[in-house]
Amino acid sequence: MQNAKGYYPALESVALTPKNRFTENRGRTLEYLKLLPADTMLYSFRLTFGEDTRGARRPGGWDDPEGLLRGHSIGHFISALSLAYSATGDETFREKLDYIVDELSALQSKSHGRPRDFVTSCTPEDCGQDKWSRDPSVWGEGFISAYSPDQFALLEKFTPYAKIWAPYYTLHKIIAGLIECYDRTGNETALKVSLGIADWVYDRLSALTPEHRKKMWSMYIAGEYGGMNESLARLYTITGNEKYLEGSKFFDNENIFPGLSEGRDTIANLHANQHIPQIMGAMLEYRATGDEYYHSVAKFFFDIVTEHHMYAIGGVGRGESFRDADKLAENIESDRNCETCAAYNMLKLSRELFSYEPEETKYMHYYERALINQILASQNPHSHEHMHNGVTYMLPIGPGAMKDYSDDFHSFTCCHGTGMENHVKYQDAEYFISDSGDGIPTVYINLYISSELSLPELGIKISLESDFPYPKAKITLSGDSDYAVRMRIPSWSQSAEFVSSVSKVVKSKNGRYMTASHRAGTNDVICVSFDYSARLEYTPDTLDGTPVAALMYGPFVMVTADESRDFITLTVPEDINGALTPSTNREAGSFLISGLGHQFFPIYMAGDMPYHTYFKINRSEDSE
């Protein structure tokens, strides 16, 4: 087993404060999690197992009881409830969790037989749902889903999408939610149900040859399995049962892993979010085995994505797929870029990679970029009767783009599911605790979001008061123990000041952190100031020979309101900051930049309006 260099504090140890865009977004999600009925999320499960649906409201979208992906959202719901309970301690979430888990366990107990013995009566040519099994006694012990195992058996016959739709993806959402529930709340029934699923998967897939599985995982969407390798590897670390580690390796994608381990881009033109979770799975296999092969797969994948496939907001892809490396400008569409799920999974990956290389700040530079410019920007800031947690599927970056948000009951897409999780865990990577080797803990401060870290067992208490979105913060170190603090220097800040009331603040040898030492029983106030300046972030390619760029200001991607579907051309002088005038609007909690013929504002402020994120750039004035 490969131990990380430290750990992230539990959500209950990090309290978000005070009212700001982060806590406002979280509040909308918490309200939605409370109003979404558990029986609605259980509707298709009960129907599939021949149980009464108890008068529940029927879900819509991809969770419609006739949909091929039905049941995936309950996994996200379980994860979100677990995160919400951990972050708030509100027993409402715990009670809803316990109810759902108990109901799934009761349904699972109706599945009998050996998993590999289940045979569908369908063929790839004739697989209507009216031919699917309705007899749980032959589905295999441990099986639980909102549809029978026919889709799994049809995948084994290489039935394409959209005759079937990603059965292992759906199953992963369920098992991942159950493991999250166990991790965050200690619910033993959740662990029991997840082990039942893992046993079913192991028995079914162990009956297939490696070549058979390789062909399955290469199938577009039908073979999408989410992060099944991640979940099974996590169960191995929890139980020590080697079967689950072997099962995780059944999902090693031999179509892309070997090339990535050798430094080759094997992801071009592949479905982005079909593959990002697989890489997170590789990191959990690295954690479980210490095999550097998995680490190299994940590290190169991160580098190739962020250096050659990423847009300025931290998102990737066009129409859900990666395109050719460095072909970004030519793939900008009005509303078909940057699937929100992809950013959700890239954040999980960067967080995991950082835990093994906490001195390598590129992982947290990315995390900050995507968290602020895609995740924070993905929620509708205006709630109404049918949209309490409206979130984006794609976060559009094309000319005249306008965000489209999900509603409460009819939009159960993948991104609606991850959208239930995103906004209740903003503090998930803000702090990282490591042992410096001399018994004195080190606290890494990765993000500057207003919060309070309390670790009484270590004698550590840190209060971080951020002036977000403005470039100042105050960090108060207290507690009854000695500890060190390493504060990340953002890559976008050309100058940064860290002024301490007590200790000496010094820059790390690698220039990536400022370091201070706290002495037991003292209070040390560190005032932090960053420099916001404008810069253009160009795409590697051009459009019709013209450079294309996004306008950045500090950590923010800046957009301008405009409904035109043609690219706006900005004529930019050499001194871009001299041509722009920033102005704060503290009542709105943001700022504006005027100049170059437009008014610009952070993309998270672009709610119900068309906007432009990328511009054609004319630098002809440089030579004058």
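Below are the figures for this structure:
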quantity	calculated
Computed [θ] at 222 nm, helices only, for the chain once each DSSP H run of length n ≥ 4 contributes -39500 (n - 2.57)	-10500 deg cm²/dmol
Backbone N within the range 381-395 under 19 Å of label point (7 Å from D90 Cα along the Cβ vector)	381-391
Estimated FRET transfer efficiency when R0 is 35 angstrom, pair D566-E66 (beta carbons, to 0.05)	0.25
Length released on extending from V138 to K509, taking residue separation times 0.36 nm less the Cα-Cα span	127.3 nm
Approximate spin-label separation E24-I238, in nm, with each point projected 7 Å along Cα-to-Cβ	3.7
Which label in [x] 24.5, 80; [y] 25.1, 85; [z] 34.3, 108 gives the computed Rg and Dmax of the Cα atoms in Å	[x]
√(5λ) per eigenvalue of the Cα gyration tensor, the range 15-161, largest first, Å	34, 16, 14
Largest-first ordering by accessible area, 1.4 Å probe, given options W217, W492, W165	W165, W492, W217
Simple label model, 7 Å out from Cα along Cβ direction - T542 to T123, nm	5.7
Phi to ³J(HN,Hα) by Karplus 6.51 cos²θ - 1.76 cosθ + 1.60 over the range 380-393, Hz, x for Gly, Pro	5, x, 10, 8, 8, 3, 10, 8, 8, 9, x, 10, 7, 8
For a label point 7 Å along the Cα-to-beta-carbon line of S501, residues of the range 439-476 with backbone N under 19 Å	450-454, 460-467, 472-476
Cα→Cβ-extended label distance, 7 Å offset, between L458 and E574, nm	4.8
Heavy-atom accessible surface of the chain: percent carbon and sulfur, 1.4 Å	46
Kirkwood-based shape ratio for the range 106-240, expressed as Rg/Rh from alpha carbons	0.96
Calculated FRET efficiency for the pair E246/H212, C-beta based, R₀ 22 Å, to 0.05	0.85
Cα pair distances of the range 387-523 binned at 5 Å [whole percent]	2, 8, 15, 17, 14, 11, 9, 8, 8, 5, 2, 0
Computed E for D608/N3 - FRET, C-beta separation, R0 45 angstrom, nearest 0.05	0.45
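The values are calculated or read from the model by the stated rules, or taken from the named source; none is laboratory data. As the structure is a computational prediction, the values presented were derived from the model and not from experiment. Cβ coordinates were reconstructed from backbone atoms using ideal geometry, including for glycine residues, and neighbour counts include every protein chain displayed. Areas reflect the complete protein model, heavy atoms only, side chains present, ligands, DNA and RNA absent. Shrake-Rupley method; radii C 1.70, N 1.55, O 1.52, S 1.80 Å.
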